[in-house]
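What follows draws every value from the coordinates through simple rules; no lab data is involved. Here the structure is a predicted model, which is why all the values come from computation and not from measurement. Every residue, glycine among them, receives a Cβ derived from its backbone with ideal geometry; neighbour counts consider all protein chains shown.
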Amino acid sequence: MPFLDVSDAFDADFLDEISVIRRQQVVSNKGRGSTIDAPAVTAYAVVCPASGSDLERLPDYDIAKRYISVVTQFRLQTASTGAGGATFKNDIVVWAGTTYEVITLDDASRYGQGFVEAICASIDYQDAPPTP
């Protein structure tokens, strides 16, 4: 499939709007870490459910994590070190009223220049219900 370029297939009918929050990790001169969230950036992606919705039963409550697959030309990132030694945490993706964290990131540029595929896990305690 190295000659398959899906860039033209990604028209407005397939794209969904997502918000991406980039998080920089900083350490104070006292050694305490904190996170600085950059303003949310709007990006366009193809978003699909990903397998593996886990139900975790705890004594006081149940948690059901949801996973999505995000394919986009926006340069999502996982934990990394940037220019000048700045460290970043995994990006946050907000889609359909639910907040997700990028947990895996794969280069999908074989399908078109700049494409990445991310698997994201919900981080909300209670996810928004599905839209009708």
Test of understanding: in a Gaussian network model of the chain with alpha carbons linked when under 10 Å, which of R23, R57, R32 would top the mean-square fluctuation ranking?
R32
Let's test the formula: R0 of 35 Å, r as the Cβ-Cβ distance of T78 and D13. What FRET efficiency results, to the nearest 0.05?
0.75
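Just subtract the alpha-carbon distance of S34 and I123 from 0.36 nm times their residue separation and send over the number in nm, one decimal. Walk me through the numbers on the way to the answer.
On the way: separation 89, 0.36 × 89 = 32.04 nm, distance 1.82 nm.
Full extension of this stretch gives 30.2 nm more.
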When the Debye formula is applied to the Cα atoms of the chain, each taken as the same point scatterer, what base-10 log of I(q)/I(0) results at q = 0.09, 0.14 Å⁻¹?
-0.32, -0.72
